[in-house]
Structure formats: structure tokens, C-alpha cells
1. Quote to one decimal, in nm, the extra length available between residue 104 and residue 16 on full extension: 0.36 nm per residue of separation minus the C-alpha distance between them.
2. Restricting to Cα pairs below 8 Å that are 6+ residues apart, what does the relative contact order work out to for segment 47-118? Please round to a whole percent.
3. Can you give the convex hull volume per residue for the Cα atoms of segment 38-105, as a whole number of Å³?
4. Report, in degrees rounded to the nearest 10, the 0 to 90 angle that the Cα long axis of helix 23-38 makes with the longest principal axis of the chain.
5. Over the Cα atoms of the chain, what is the Rg over Rh ratio if Rh follows Kirkwood?
6. Taking the chain as the reference, fit the longest principal axis to its C-alpha atoms, fit the long axis of helix 80-91 to the helix C-alpha atoms, and give the angle between the two in degrees, 0 to 90, nearest 10.
7. Suppose we keep just the DSSP beta bridges with both residues in segment 3-110; what percent of those would be antiparallel, to 5?
8. For n ≥ 4 DSSP H runs only, could you compute -39500 (n - 2.57) per run for the chain, divide by its residues and tell me the 222 nm figure to the nearest 500?
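Since every read-out is calculated from the coordinates, none of them should be taken as a lab result. As the structure is a prediction and not an experimental result, all values here were calculated from the model. Ideal geometry is used to build each Cβ from the backbone, glycine not excepted, and the neighbour counts take in all protein chains shown.
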Ligand code: FES
């Protein structure tokens, strides 16, 4: 399983004066720091949007090509440890459940695509 975490960096970009880091940028910084602490930096990327805009800040965990997608909303930097532990566990192939502290931040889940058997 190739789980990867994509953090939106543009969330709430109109809520702050220019020059201030967006909520998404603050979330990315917290996630990158936690990923570095755990030595799993490569599983984190930034993206411009994950369609959680009405409930910032957003992030998504995609489990490889054709895999399932967890989309999160209303995240804060305090959620970074739980979020990174979740994706790191899934990336390691463990059947890690969404942490209880993030359960109400799951905005959607896209089922994995079932490939036709040969
Ligand atoms: S702008 Fe962050 S999810 Fe769309």
C-alpha cells in the first residue's frame, strides 16, 4: 500500500491579511515537522486544494493508484501527530484505523477502485 498524505496549503487564504501563513500552510508545517520527527518525510506533499474548502483546513490520504482516499476537513496543527501516525501506519501496510481524535474530521472516503480480474 502506498499511502500518501496531501495537505492543502491554500485553505482560508482570504481570512488573513496578506503575508500571513494560511491555516493550510500552518498545517503543512506541523505535518512536515511531525513526519521529519518520525523519519517519514517522503509520505507528505502539499497541494493547492482537496475540496475541503468550506471547512478548512483540509488534507487527503490516498492509498496508491486506484486505492481508497480519506479526505479530512477542519484540521488544525494539533492534529498533525495523529494524522501523520495514521498515514505512516497505512503506508507501512498496517490496518490502522482513523484515530478517534480525527473521526469527526473525515469529510469523505472514496472506495478503492476494484480492478477487473484477468
Ligand atoms: S482550499 Fe483547502 S481544501 Fe480547498
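1. 29.1 nm
2. Rounded, it is 33 percent for segment 47-118.
3. 99
4. It is inclined by approximately 50 degrees.
5. So for the chain, dividing Rg by the Kirkwood Rh gives 0.99.
6. Helix 80-91 and the main axis of the chain meet at about 20 degrees.
7. About 75 percent, rounded to the nearest 5.
8. For the chain, the value works out to -7500 deg cm²/dmol.
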